[in-house]
Amino acid sequence: MATLIRGKISNKLSNAATSVSNKSQAKVSGMFARMGFQAATDEEALGFAACDDLDYDHRQGLQMDILKTEEVGGEGGGEMVGDGTAEGDSHYQRDGTGPPPSSSKDAGICNELAQDKPKITAWEAGWNVTNAIQGMFVLGLPYAILHGGYLGLFLIIFAAVVCCYTGKILIACLYEENEDGELVRVRDSYVDIANACCAPRFPSLGGHVVNVAQIIELVMTCILYVVVSGNLMYNSFPHMPVSQKSWAIIATAALLPCAFLKNLKAVSKFSLLCTLAHFVINVLVIAYCLSRARDWAWDKVKFYIDVKKFPISIGIIVFSYTSQIFLPSLEGNMQKPSEFHCMMNWTHIAACILKGLFALVAYLTWADATKEVITDNLPSTIRAVVNLFLVSKALLSYPLPFFAAVEVLEKSLFQDGGRAFFPDCYGGDGRLKSWGLTLRCSLVVFTLLMAIYVPHFALLMGLTGSLTGAGLCFLLPSLFHLKLQWRNLLWHQVFFDVAIFVIGGICSISGFIHSMEGLIEAYKYNLQD
């Protein structure tokens with residue numbers, strides 16, 4: 001009898017605790033559902049999951065439908081297997097469940113394409129990330145130390161940690177759990193993640209926002225290459241009767257053939273050579289700085305900051321770490337996606353160490369005389385040689401962001417099926433139409449005009465980092481992670497995401513305002529770099 005009574009009491013207590021827990025969870029879920037993060041009930045969550053499944057199946061099954069139509073269209077319709085399920089159903093490809101692979105010709109084509117698609121190792125992926133975050137824009141980091149002191153060094157470390165973390169959570173947004181609790185990749189790009197967050201009310205709004213930010217960042221990168229080319233050439237040959245604007249025009253004339261690019265095969269072979277050349281240049285600059293170690297001005301590195309110019313330094317540092325745009329594609333092409341986190345760790349640790357040492361050593365050498373592009377501080381005997389290498393690298397690097405910007409513009413405005421705003425840039429034979437070529441040439445000329453009228457490398461870099469760099473690296477990944485992964489997040493992950501969003505927003509707004517003020521002041525008073 002006593003045992004029976006204890007059992008009933010225990011059951012009642014358990015039921016009461018479960019009821020309280022469910023009510024508490026329902027209140028919390030309902031609150032965050034009203035904020036737009038997740039469904040308030042399991043039924044709503046299942047509804048959103050079903051919508052996502054149908055949307056994914058529709059998009060991913062298009063290619064299979066086209067292949068099937070080409071293969072069996074003349075035979076009176078598609079074949080069905082066993083229980084009436086169409087072959088090539090993307091749901092089975094996605095989950096790994098369902099009937100065994102078909103031996104039909106269309107399935108064989110898809111399997112062959114999947115097998116022939118080249119995959120990259122973690123080392124190759126790391127090399128690509130290193131190229132993105134260790135480019136020639138590190139030349140502006142000593143200028144950031146000039147206005148930030150030790151806090152600037154801290155920000156180089158902090159930005160590396162945050163960008164590494166946001167890169168990881170951005171990739172986490174590509175995956176969802178299936179019925180068996182296994183992670184399945186259901187999205188392919190930054191745009192897919194953004195669209196998923198805005199669905200179902202505005203299914204394409206997020207993608208448009210990301211595309212606009214991506215275009216701005218890519219075009220601004222092209223402008224910076226032209227600005228730095230003119231700057232380097234002018235400071236390499238100061239006695240020649242050629243102004244910085246004239247050098248920028250000469251550099252742009254050499255870049256006009258980029259308008260005829262159909263793919264990057266012609267320039268991709270130079271990427272490794274450019275990276276190695278830049279590495280050698282960094283070594284030469286550091287070697288020169290070490291040779292003057294006796295004169296290092298340690299007393300010039302302060303803990304105080306220039307309140308007006310330090311936010312610009314934040315944008316410079318953030319912009320030097322931007323790589324989130326292509327991380328989804330990079331992770332999708334890795335042989336072992338499970339090694340992505342490890343790859344991100346060692347690439348950002350290496351970048352943090354090298355950038356911190358480069359910025360500190362260069363600033364200690366020239367102190368308050370540090371210029372926006374650090375190679376301008378070198379003696380004239382070696383400045384010309386180093387700058388010529390840098391100009392070559394800038395000109396060879398220009399086609400990459402230019403071609404990426406053109407692709408985004410063409411896909412979103414000219415090649416979006418029936419929803420395209422303008423007719424296709426290409427004819428039926430695949431040739432570029434004359435007006436399409438004019439558009440590309442206009443983009444090159446636009447980068448030239450911006451470089452001529454705003455020839456300030458650090459200010460433009462700070463503006464771009466504050467506007468699009470902070471958005472793509474800090475704000476959007478943390479917001480998307482909260483929106484898509486809310487039910488799976490621990491409290492400290494929520495805290496990190498919210499903190500990154502708030503800090504990133506403050507830095508972005510302040511950096512943008514001060515960068516614009518600096519540009520207006522420089523333009524108004526005709527200030528030189």
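Taking label positions 7 Å along the Cα-Cβ direction at both residue 502 and residue 188, the computed distance is 3.9 nm, reported to one decimal. Take each peptide in 131-139, 314-322, count the other Cβ atoms within 10 Å of every residue, and average; sorted highest first, the result is 314-322, 131-139.
Accessible surface of residue 490, taken over heavy atoms with a 1.4 Å probe and every protein chain present, rounds to 100 Å².
Can you give the convex hull volume per residue for the Cα atoms of segment 292-391, as a whole number of Å³?
Hull volume over Cα atoms, normalised by residue count, gives 162 Å³.
Measuring r between the beta carbons of residue 369 and residue 522 and using R0 = 22 Å, the FRET efficiency lands at 0.70. What is the diffusion coefficient of segment 291-334 in µm²/s, taking the Kirkwood radius over Cα pairs and the Stokes-Einstein relation at 20 °C with a viscosity of 1.002 mPa s? Stokes-Einstein gives a translational diffusion coefficient of 150 µm²/s. Extension gain for the segment residue 350 to residue 509, taken as residue separation times 0.36 nm less the Cα-Cα distance, is 54.3 nm to one decimal. Measuring against 21 Å, Cα to Cα, the residue pairs 245/309; 302/371; 168/309; 336/393; 168/336; 302/355 contain 245/309; 168/309; 336/393 as the ones spanning a longer distance. Here the Kirkwood formula puts the hydrodynamic radius of segment 223-346 at 19.4 Å, using every distinct Cα pair. With a Förster radius of 45 Å applied to the beta-carbon distance between residue 254 and residue 124, the computed FRET efficiency rounds to 0.90. Were the residues from residue 208 through residue 491 laid out at 0.36 nm apart, the gain over their Cα-Cα distance would be 98.8 nm. Backbone phi angles across segment 308-319, fed through the Karplus curve with coefficients 6.51, -1.76 and 1.60 (θ = phi - 60°), yield HN-Hα couplings of 7, 9, 5, x, 5, 4, 4, x, 4, 5, 4, 4 Hz in residue order; Gly and Pro are listed as x.
The values are calculated or read from the model by the stated rules, or taken from the named source; none is laboratory data. All of these numbers come straight from a predicted model, not from anything done at the bench. FYI the Cβ positions are ideal-geometry reconstructions off the backbone, even for glycines, and counts take in every protein chain you see. Remember, those area values only see protein heavy atoms, side chains included, never the ligands or the DNA or RNA. Shrake-Rupley method; radii C 1.70, N 1.55, O 1.52, S 1.80 Å.
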